[in-house]
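> My questions all concern the structure below.
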């Protein structure tokens, strides 16, 4: 896979140490391609935010990375493992290559500093030699980029609306032209109208600037519309990964199916909204086998005993040549015993 | 700006109320100061002299209360606080002028130092939460609960003596004349060291504790995580994102403690016989020296008001959320 920009391999994140440790993220493999929007969906507690914090090494204690690697592929350079960077290397890497827009639109800006200070200090930290006038000009440009008038530079965060604050955060994320922008439920605190505006703007900016996005949300309907590819997380694992259109049309994992049936479609025939019975698993006492099997309507006997491996489903491989898409359908993976994995060697 | 004007008006009103109360208190509490003075001169006074004393102290029985009140206000405006009984015939303003520099010098400097050092230490300890530095916290909790005058008594008992470097009382050696020369300054520093140290220790501990706790709270705020994610240096995140915000609640506490510089450390001055306002107040109470008491109370009230005003201004400067848009 030559066009990968961020590759997560076997990432494990625990909260706490030793036997009491809670495994919040388990054996996650994920690849972000250049220029794509990768959606990461799942219920609360499925580990999606922990994954984002883990791969940027921002886990608050007692979170620890228990294993795996996060490979970043710079333009035309050798891949580097983010998890093995020294602290100064990590500081240089942060924001310049991978920026993050956080969940809380309201609290991401420091209330006592002006917008201009918070936009320019990141530029200064990564390029101390630039002039302050140049930094200010860049900050003005960034605000224009996200549709905020430049006279807001002198404002304090509390003088901006929630939507404006989140725009500022997006502008800030783009300050150093990173290759990857991770968005952790960036629009959760906003109303749907503002949510839409911001997402549309984000898509526009991505087309113009060509960065890749990891978009984390519990709102699958949003992802179906805005992302190229979707990964579904459950109980700390990725259970299905597919092009968003494929996933929407034909979810393989019963959990994805359940998620998709939890919201109504705008067009098309009416259908029963089912939702998913039960509640997300307790990470401290995960069920044996597939962690979804106690809630799964189609559980087999095998599901309670063995953990299904994420892989290309055999039946999709057979029909792969018919499908049309920009990526080969072998990209589609699922972890479910209903869809046995195709083994390349066999 | 209008907010600040409103605050100023409020403080002026409070100051007037304090001055008025200050006028009435000596007139309602029992005891006759002139009588006390006459007793001290063992009756060698003519009745004319007694009457002139009453007038002098502003306790003229012939004048009405309203008249006395306005005379009092007029005198106050001229900086005339009457005559002290204990330091008779020195005017109160002169007595206060003698004591105030010592109090400001000792307690003022230690209060500011205690705040600065305590805040800096608390910032560091809070930022490195969970490291060995946290072991200091129980110690500071313990120390901050010790009254400083008790600490002073212990210090005197343990560290002073005939051959000790630390003198047990006074602000400078008895034989010296206040001059800005090396010997006098050295003597002042030597005398100030022990009382300063006791105030510093006990006030610093409180600042360490509150700053550390605020740092721990602020460090889990989203904007601190964002600052880390931005790749800012650890120092920059600590100072500009965490400490800057954690400081806010401490600012008002600091301003209040500034207000208590004058009156709050009375006991330290008594313990060390330090010739500041606290000791003067103590003596004035013992001698029923009403004019001096009035003067000291006035200074205490005004300094508390001034400190509160400073807290308002500091908050306005440090926290943009308190500024109201015009």
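> Regarding the stretch B:214-224, can at least one residue be identified that is buried (at least 19 other Cβ atoms within 10 Å of the Cβ), farther than 22 Å from residue B:107 by Cα, modelled with pLDDT of 90 or more and away from chain A (no Cβ under 14 Å)?
Checking the stretch B:214-224: at least one residue is buried (at least 19 other Cβ atoms within 10 Å of the Cβ), farther than 22 Å from residue B:107 by Cα, modelled with pLDDT of 90 or more and away from chain A (no Cβ under 14 Å).
> All but one of (1) surrounded by fewer than 18 Cβ atoms within 10 Å (Cβ to Cβ); (2) touching a helix residue (DSSP H, G or I) at 6+ places or on another chain (Cβ under 7 Å); (3) away from every other protein chain (no Cβ under 14 Å); (4) without any contact (Cβ under 8 Å) to a residue 40 or more places away in the chain hold for residue B:249, so report the exception by its number.
Status for residue B:249: all satisfied but (3).
> Is it fair to say residue B:186 is more than 14 Å from chain A (Cβ to nearest Cβ), assigned to a helix (DSSP H, G or I), in contact with a helix residue (DSSP H, G or I) (Cβ under 6 Å, 6 or more places away or on another chain) and over 25 Å from residue A:119 (Cα atoms)?
Answer is no for this residue.
> Within the stretch B:225-236, which residues are more than 7 Å from chain A (Cβ to nearest Cβ) and either surrounded by 23 or more Cβ atoms within 10 Å (Cβ to Cβ) or touching a residue at least 60 places away in the same chain (Cβ under 8 Å) (or both)?
Listed by number, the list holds a single entry, B:227.
> If a residue must be within 21 Å of the chain's Cα centre (by Cα) and in a loop (DSSP other than H, G, I, E, B), how many such residues does the stretch A:253-268 contain?
3
> Something else now. Just to be sure before I move on: is residue A:105 over 13 Å from residue A:167 (Cβ atoms), more than 9 Å from chain B (Cβ to nearest Cβ) and either modelled with pLDDT of 90 or more or buried (at least 16 other Cβ atoms within 10 Å of the Cβ) (or both) in the structure I sent?
Against the criterion (over 13 Å from residue A:167 (Cβ atoms), more than 9 Å from chain B (Cβ to nearest Cβ) and either modelled with pLDDT of 90 or more or buried (at least 16 other Cβ atoms within 10 Å of the Cβ) (or both)), residue A:105 does not qualify.
> Considering only residues that are assigned to a helix (DSSP H, G or I) and in contact with a helix residue (DSSP H, G or I) (Cβ under 6 Å, 6 or more places away or on another chain), which ones fall in the stretch B:229-242?
Here is the first cut: in the stretch B:229-242, the residues assigned to a helix (DSSP H, G or I) are B:229, B:234-242.
Result: B:237, B:238, B:241, B:242.
> Tell me yes or no: at least one residue of the stretch A:55-66 is under 23 Å from residue B:219 (Cβ atoms), at pLDDT below 90, more than 14 Å from chain B (Cβ to nearest Cβ) and in a strand (DSSP E or B).
No, the stretch A:55-66 contains no residue that is under 23 Å from residue B:219 (Cβ atoms), at pLDDT below 90, more than 14 Å from chain B (Cβ to nearest Cβ) and in a strand (DSSP E or B).
> Right, another one. How many residues does the stretch A:76-100 contain that are closer than 21 Å to residue B:223 by Cα and more than 9 Å from chain B (Cβ to nearest Cβ)? Let's see the steps before the verdict.
Within the stretch A:76-100, the subset closer than 21 Å to residue B:223 by Cα is A:87-88, A:90-100.
Narrowing the set further to residues that are more than 9 Å from chain B (Cβ to nearest Cβ) leaves A:88, A:97.
Result for the stretch A:76-100: 2.
> Quick one: which of A:113, A:73 is away from chain B (no Cβ under 14 Å) and either more than 30 Å from residue A:255 (Cα to Cα) or in contact with a strand residue (DSSP E or B) (Cβ under 9 Å, 6 or more places away or on another chain) (or both)?
Going through A:113, A:73 in turn, the sole match is A:73.
> So residue B:286 fits all but one of (1) more than 14 Å from chain A (Cβ to nearest Cβ); (2) farther than 28 Å from residue B:125 by Cα; (3) touching a residue at least 24 places away in the same chain (Cβ under 8 Å); what number is the exception?
(3)
> Please find, among B:298, B:266, B:310, B:277, the residue that is under 15 Å from the mean Cα position of the chain (by Cα), buried (at least 24 other Cβ atoms within 10 Å of the Cβ) and either under 30 Å from residue A:89 (Cα atoms) or more than 14 Å from every other protein chain (Cβ to nearest Cβ) (or both).
Numbers: B:298 fails: buried (at least 24 other Cβ atoms within 10 Å of the Cβ); B:266 fails: buried (at least 24 other Cβ atoms within 10 Å of the Cβ); B:310 fails: buried (at least 24 other Cβ atoms within 10 Å of the Cβ).
B:277 is the lone residue from the list that is under 15 Å from the mean Cα position of the chain (by Cα), buried (at least 24 other Cβ atoms within 10 Å of the Cβ) and either under 30 Å from residue A:89 (Cα atoms) or more than 14 Å from every other protein chain (Cβ to nearest Cβ) (or both).
> Out of the residues in the stretch A:68-80 that are in contact (Cβ under 8 Å) with a residue 24 or more places away in the chain and surrounded by 14 or more Cβ atoms within 10 Å (Cβ to Cβ), which is farthest from the chain's Cα centre (by Cα)?
The qualifying residue farthest from the chain's Cα centre (by Cα) is A:79.
> Just give me the residues in the stretch B:85-109 being within 16 Å of residue B:185 (Cα to Cα) and either free of Cβ contacts under 8 Å to residues at least 60 places away in the same chain or touching a strand residue (DSSP E or B) at 6+ places or on another chain (Cβ under 7 Å) (or both), in sequence order.
Answer for the stretch B:85-109, where residues must be within 16 Å of residue B:185 (Cα to Cα) and either free of Cβ contacts under 8 Å to residues at least 60 places away in the same chain or touching a strand residue (DSSP E or B) at 6+ places or on another chain (Cβ under 7 Å) (or both): just B:101.
> Check the stretch A:70-84 and report whether any residue there is under 14 Å from residue A:25 (Cα atoms) and part of a strand (DSSP E or B). Don't jump to the end; show me each part of the working.
Keep residues of the stretch A:70-84 that are under 14 Å from residue A:25 (Cα atoms), which gives A:70.
From the residues that got through so far, the ones that are part of a strand (DSSP E or B) too are A:70.
So far as the stretch A:70-84 goes, yes, one or more of its residues are under 14 Å from residue A:25 (Cα atoms) and part of a strand (DSSP E or B).
> Restrict the check to the stretch A:217-235 and report whether at least one residue is over 17 Å from the mean Cα position of the chain (by Cα) and assigned to a loop (DSSP other than H, G, I, E, B).
no
> Looking at the stretch B:206-213, is at least one residue closer than 13 Å to residue B:119 by Cα, within 14 Å of chain A (Cβ to nearest Cβ) and at pLDDT 90 or above?
Of the residues in the stretch B:206-213, the ones closer than 13 Å to residue B:119 by Cα are B:206-213.
Going one step further and asking which of them are within 14 Å of chain A (Cβ to nearest Cβ), we end up with none.
Within the stretch B:206-213 (the criterion being closer than 13 Å to residue B:119 by Cα, within 14 Å of chain A (Cβ to nearest Cβ) and at pLDDT 90 or above), the answer is no, since none of the residues qualifies.
Let's see how each residue does on (1) within 30 Å of residue B:256 (Cβ to Cβ); (2) in a loop (DSSP other than H, G, I, E, B):
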site	(1), (2)
B:143	yes, no
B:158	no, no
B:168	no, yes
B:194	yes, no
B:197	yes, no
B:203	yes, no
B:214	yes, no
B:223	yes, no
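> A further question on this structure: Working only within the stretch A:141-160, note down all residues that are touching a residue at least 12 places away in the same chain (Cβ under 8 Å) and either over 29 Å from the mean Cα position of the chain (by Cα) or crowded, with 17+ Cβ neighbours inside 10 Å (or both).
A:142, A:143, A:145, A:146, A:148, A:152, A:153, A:154, A:155, A:156, A:157, A:160
> Considering B:106, B:136, B:81, which residue is in a helix (DSSP H, G or I), more than 14 Å from every other protein chain (Cβ to nearest Cβ) and either buried (at least 21 other Cβ atoms within 10 Å of the Cβ) or at pLDDT 85 or above (or both)?
B:106
> Within the stretch B:140-164, how many residues are touching a residue at least 60 places away in the same chain (Cβ under 8 Å), within 21 Å of residue B:121 (Cα to Cα) and surrounded by 14 or more Cβ atoms within 10 Å (Cβ to Cβ)?
The total comes to 4.
> So, one more: So, in the stretch A:246-268, of the ones that are in contact (Cβ under 8 Å) with a residue 60 or more places away in the chain and over 11 Å from residue A:42 (Cα atoms), which residue ends up surrounded by the fewest Cβ atoms within 10 Å (Cβ to Cβ)?
Selected residue: A:246.
> Within the stretch B:309-322, is there a residue that is outside any helix (DSSP H, G or I) and under 29 Å from residue B:120 (Cα atoms)? Quick ask: steps written out before the conclusion?
To start, the set of residues in the stretch B:309-322 that are outside any helix (DSSP H, G or I) comprises B:319.
Among the residues that remain, those that are also under 29 Å from residue B:120 (Cα atoms) are: B:319.
Within the stretch B:309-322 (the criterion being outside any helix (DSSP H, G or I) and under 29 Å from residue B:120 (Cα atoms)), the answer is yes, since at least one residue qualifies.
> Then there's this: Suppose we keep only residues that are facing chain A (nearest Cβ under 9 Å) and under 12 Å from residue B:318 (Cβ atoms) within the stretch B:237-246. Which one would you say is surrounded by the most Cβ atoms within 10 Å (Cβ to Cβ)?
B:245
The values are calculated or read from the model by the stated rules, or taken from the named source; none is laboratory data. This structure is a prediction, so every number in the text was calculated from the model and none was measured. In this analysis, Cβ positions are derived from the backbone assuming ideal geometry, glycine residues included, and neighbour counts consider all displayed protein chains.
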